[in-house]
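Structure first, commentary second.
The values are calculated or read from the model by the stated rules, or taken from the named source; none is laboratory data. Quick caveat, the model's predicted, so the values are computed rather than measured. Counting neighbours? That spans all protein chains shown, and the Cβs are built from the backbone with ideal geometry, glycine included. SASA here: full protein model, heavy atoms, side chains in, ligands and nucleic acids out. Shrake-Rupley method; radii C 1.70, N 1.55, O 1.52, S 1.80 Å.
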Amino acid sequence: MNEINQFMEFLDAAPSSFHAAHRVAEQLVASGFHKHEEDQPWDASPGGHVIVRDGAVMAWYVPEDAGTNSGFRIIGSHTDSPGFTLKPQPDSTQHGWHQLGVEVYGGPIISSWFDRELTLAGQVILTDGSERLVNTGPLLRIPHLAIHLDGSKEFSVDKQKHLHPIMGLADAASGAIQDQAGRTGIAEVLADQLGIAESDIASWSLITAPSQPAGLFGAQADLLASSRMDNLSSVFASLTALQRAVASGDFGSDIAVLAAFDHEEVGSASTTGAQGPILSEVLERTATALGADRESYLQMLRRSSCVSADAAHSIHPNYADKHDPHNPPIIGGGPVTKINSKQRYASNARTIALWENACRAAMVPIQNYVSNNAVPCGSTIGPATATALGIDTVDVGVPMLSMHSAREMIGVQDQLWLSQALEAYLIN
């Protein structure tokens, strides 16, 4: 299976941040990494190591000659994407329909989520404290209002009233919530999927994702459409780069780190987000296990660097005036370096040079993104990581159209180039 087919399989298998984190860990363990628990003594022995904390995954590879004179080479990304999260006590019935209450997560292009069959996926916590992952398959739909009934002819949505997905038919006679299998609510649906009793469910963290699989399109089949490529494009590229770098055996003494955070789409302020302690704990515990004291650890940080990998805005042919005319990244032109003087991106002259050296080593083309002065840009985990740790960071990513849509699009070659450049960053 080639890399793009593997990427599409990864996208389809990761409808939530929890699935993405576990999928990364599973693939690393299959390639020889050891999975650890955070409440156990830390392991910095030569080889690969990985931890999963809810929807975040951290992995580190320790070369044979690593020590307190090493630095860290970090690839940061995030596992979450915009969507709609399931509220507590979500079941309701209106006019013969069984519906679920959801909350907007992040900044989805809301119109793109209507009239799509949606899965509900994520983490279910049981009464015994254990965790289970669930992916319901096509279960929900947010239906549009027919154009004949909308005199305005313009899309307008009340986020409380109109973002209320349908799960099925209710008993019209009694008003009771009951589907054709006789189930009475979403908790029973989840319990059936997991093979447990409904009373075993203590709580959940579940999000919608389109059930349509990833697919290639275009005259040359050189474009890829899927949900959640912001930012699973970077998660998968960093995973591929780390696995290939390990297989090559070309490491020096620096420690390679994959840091895939959760909650970037809502500000990164959580125990698993880039503003939280998870990455600093991995770095400090690894340094300490290698014999570093506080001073040695700070010296190791000064020898370190971070590539913050997150999707970038390709120029849109129908809205070209939204872009800076002299810095217009385009799909098919290679990975994009993201630059912003207000520090919405963490790139600086030193780290831009570092990234461009990696791209040249990998023979990968280089593009820049600087926002139109009249149009605000987004941000990434880069500034949060740079601020928390003082590590020089560059923000990069594949160019993308329809970012935050239920169906985003990228170029196949850009995805391949990104993983090649990230591999070069880790080993050169």
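Once both labels are positioned 7 Å from their Cα atoms along Cα-to-Cβ, the gap between Asp65 and Ser341 label points is 4.4 nm. GNM on the chain, alpha-carbon springs under 10 angstrom: the most fluctuating residue among Val104, Val62, Val24 is Val104. Computing FRET efficiency as 1/(1 + (r/R0)^6) for Glu281 and Gln160, where r is the C-beta to C-beta distance and R0 is 51 Å, gives about 0.85.
Roughly to the nearest percent, how much of the accessible area of the range 239-321 is carbon and sulfur, given a 1.4 Å probe?
Values: 1580 of 3280 Å².
Whole-percent figure for carbon plus sulfur exposure: 48.
Straight-line reach from Lys161: taking Cα to Cα under 13 Å and skipping same-chain neighbours fewer than 8 places apart, the aspartates and glutamates in range are Glu103.
Here the Gaussian network model covers the chain, with springs between Cα atoms less than 10 Å apart; of His326, His313, His22, His326 fluctuates the most.
Along the Cα-to-C-beta direction of Asp192, a point sits 7 Å from the Cα; which residues of the range 128-143 have their amide N less than 15 Å from that point? Taking a point 7 Å out along Cα→Cβ of Asp192, the residues of the range 128-143 whose backbone N falls under 15 Å are 135-140. Full extension of the segment from Ala269 to Arg141, taken as 0.36 nm per residue of separation minus the current Cα-Cα distance, would add 43.1 nm. Spacing of the modelled spin labels on His148 and Leu133, each 7 Å from Cα toward Cβ, amounts to 4.5 nm. Fully extending the segment from Asp293 to Asn2 would add 100.3 nm, taking 0.36 nm per residue of separation and subtracting the current Cα-Cα distance. Estimated from the Cβ-Cβ distance and a Förster radius of 30 angstrom, the FRET efficiency linking Gln40 and Thr387 is about 0.50. Take the alpha carbon gyration tensor of the chain, find the square roots of its eigenvalues, order them as a ≥ b ≥ c, and report rounded if a/c is under 1.5; if not, report prolate when a/b exceeds b/c, else oblate. Oblate shape, in that a/c is at least 1.5 and b/c is the bigger or equal ratio.
Just to confirm, what accessible area per residue do you get for the chain at 1.4 Å probe, in whole Å²? List each step's numbers first, then the result.
Numbers: 18210 Å² over 428 residues.
Per-residue value: 43 Å².
Using the Cβ-Cβ distance between Val375 and Asp115 with R0 set to 25 Å, the FRET efficiency works out to roughly 0.30.
If we count every other residue with Cβ under 11 angstrom of His144's Cβ, Lys/Arg +1 and Asp/Glu -1, where does the sum land? Present the calculation step by step, with values, prior to reporting the outcome.
Working: positive: Arg116, Arg141; negative: Asp115, Asp150.
Local net charge: 0.
Largest mean-square fluctuation among Asn340, Asn373, Asn135, in a Gaussian network model of the chain whose springs join Cα atoms under 10 Å apart, belongs to Asn373.
For a straight C-alpha distance cut-off of 29 angstrom, the lysines reachable from Lys159 (same-chain residues fewer than eight places away being disregarded) are Lys87, Lys322.
A simple spin-label model places pseudo-atoms 7 Å from Cα toward Cβ; at Asp321 and Arg350 they are separated by 4.2 nm. Electrostatic bookkeeping for Arg303 treats Lys and Arg as +1 and Asp and Glu as -1; over the other residues with beta carbon under 11 Å from its beta carbon, the sum is 0. Peptides 197-208, 284-295, ordered by how many other C-beta atoms sit within 10 Å of their residues on average, highest first, read 197-208, 284-295. Over the chain, DSSP H runs of length four or greater, each weighted -39,500 (n - 2.57), average out per residue to a 222 nm ellipticity of -8500 deg cm²/dmol. Between Ala202 and Phe217, full extension at 0.36 nm per residue minus the direct alpha carbon distance yields a gain of 1.2 nm.
Once the other residues with Cβ under 12 Å from the Cβ of Ile391 are scored (Lys, Arg +1; Asp, Glu -1), what is the net sum? Walk me through the numbers on the way to the answer.
Working: positive: Arg73, Arg302, Arg303, Arg350; negative: Asp392.
Surrounding charge for Ile391 is +3.
For the range 1-50, the square roots a ≥ b ≥ c of the C-alpha gyration tensor eigenvalues yield an a/c of 1.5 or more together with a/b not exceeding b/c, which makes the shape oblate.
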